[in-house]
Amino acid sequence: MLGAYVENVRKNTPLVHNITNYVTVNDVANVLLACGGSPIMSDEPEDVEDITSICGGLNINIGTLNQNSIKAMFLAGKKAQELGHVLLLDPVGAGASALRTNTAINLMKELSFDVIRGNISEIKTLALGSGTTKGVDADVADAVTEENLDEAVAFVKTFAKEAGCIVAVTGAIDLISDGEACYVVRNGRPEMGKITGTGCQLSALMTVFLVANKEDKLPAAAAAVCAMGLAGEIGFRHMKPEDGNSTYRNRIIDAIYHMDQETLDQGANYEVR
């Protein structure tokens, strides 16, 4: 049962530093407030070491990179690591450009992340480029389906073991592994893909869940994934005929706001492999 992990967030109100992208920064802040956490945003190199020092976790999202923010990511990441804080990498668009790919890979080389969360294409890109040579075999399909689930689980486990951290591949079926066990999550709605930022919000949720549940990082990460997917289901049930994706975004955040232990325990749809 995963519901206790959301209650621990509400009890502890963890402060999370987000170096995220300017497309979704407001939604990231709001989802952290909705789940009981506390957000702070800074990507100024002269500011980030002080800011991350007062937080319990650092969420790095490379969605809208520039040279200043890249410098800030390394400075904040090294300070967070030095202080033993939770570190998460969201490699948005890795594989789409050399800058994004190289930034993500270099961050992985210099920092010890607790979690790397991305879609299957982004994670494949990192798997091919993160090792001492080629990296793990990333010959896996670009979508996780019931038909290729065994292969995808094996891939995520292998990459998590090589990367030395939890790896979360999110999509229609979500996979979260520490290299040994793998949570297979089937919560969510396809309509969530019509909203910009659900993945960015999930990365923030995972960070705050891990800060509040440091002794149980893998199930806490899985709980965050279930909570976000379940919020998508609950939010969709409240949609009216005249509503669209803007309303849906707000309903998802509202569902996170009302998420409690009982709701998550009853609605989480997962298995462990």
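The values are calculated or read from the model by the stated rules, or taken from the named source; none is laboratory data. Note that the structure is predicted; figures quoted are calculated from it, not measured. So basically every Cβ, Gly included, is an ideal-geometry build from the backbone, and we count neighbours across all protein chains shown. In case anyone asks, the SASA skips ligands and DNA or RNA and just uses the protein heavy atoms, side chains included. Shrake-Rupley method; radii C 1.70, N 1.55, O 1.52, S 1.80 Å.
Of all DSSP-defined beta bridges confined to the chain, some 35% are antiparallel rather than parallel. Phi angles across the stretch 170-176 convert, under the Karplus curve 6.51 cos²θ - 1.76 cosθ + 1.60 with θ = phi - 60°, into 3J(HN,Hα) values of 10, x, 4, 10, 9, 10, 10 Hz, Gly and Pro given as x. For the chain, the dipole from Cβ point charges (+1 on Lys and Arg, -1 on Asp and Glu) about the Cα centre works out to 220 debye, to the nearest 20. By the Cα gyration tensor, the stretch 1-95 has an equivalent ellipsoid whose semi-axes, rounded to whole angstrom, run 22, 16, 12 from largest to smallest. D by Stokes-Einstein for the stretch 55-194, Kirkwood Rh over Cα pairs, 10 °C, 1.306 mPa s: 104 µm²/s. Here the stretch 1-47 was treated as a single set of alpha-carbon atoms; its pair distances binned every 10 Å from 0 give 26, 45, 23, 5, 0 percent. Among the helices of the chain, those built from whole DSSP H runs whose Cα atoms reach 27 Å or more along their own axis and whose mean Kyte-Doolittle hydropathy is at least -0.5 are 217-237. Based on alpha-carbon atoms only, what is the radius of gyration of the chain relative to the globular estimate 2.2 N^0.38 Å? The reported ratio for this selection is 0.92. Listed by chain and number, the aspartates and glutamates whose alpha-carbon sits under 20 Å from that of residue 11, ignoring those within fewer than 8 places in the same chain, are 215, 216, 254, 260, 262, 265. What longest range of the chain stays clear of loop-exposed GluC sites (Glu not before Pro) (DSSP non-H/G/I/E/B, at most 14 other C-beta within 10 angstrom)? My reading of the result: 1-145 is the longest stretch. Counting Lys and Arg as +1 and Asp and Glu as -1 over every other residue whose Cβ lies under 14 Å from the Cβ of residue 119, the net charge comes to -1. Per-residue surface analysis assigns residue 165 an accessible area of about 10 Å², computed on protein heavy atoms at 1.4 Å probe radius.
On a per residue basis, the chain carries 42 Å² of accessible surface, using protein heavy atoms and a 1.4 Å probe. Here the extension length gained between residue 262 and residue 53 equals 71.9 nm, from 0.36 nm per residue of separation less the Cα-Cα distance.
Between residue 215 and residue 68, 0.36 nm times their residue separation minus their Cα-Cα distance comes to what? Walk me through the numbers on the way to the answer.
Numbers: separation 147, 0.36 × 147 = 52.92 nm, distance 3.39 nm.
The span from residue 215 to residue 68 would gain 49.5 nm if fully extended.
Take the Cβ atoms of residue 271 and residue 10, set R0 to 22 Å, and the FRET efficiency comes out at 0.25. With all distinct Cα pairs included, what does the Kirkwood hydrodynamic radius of the stretch 171-273 come out to in Å, to one decimal, could you say? Result for the stretch 171-273, one decimal place: 13.9 Å. Radius of gyration (Cα atoms) of the stretch 228-268, expressed as a multiple of 2.2 N^0.38 Å: 1.13. Give me the percent of accessible area attributable to carbon and sulfur for the chain, probe 1.4 angstrom. Summing carbon and sulfur atoms, their accessible area is 46 percent of the total for the chain.
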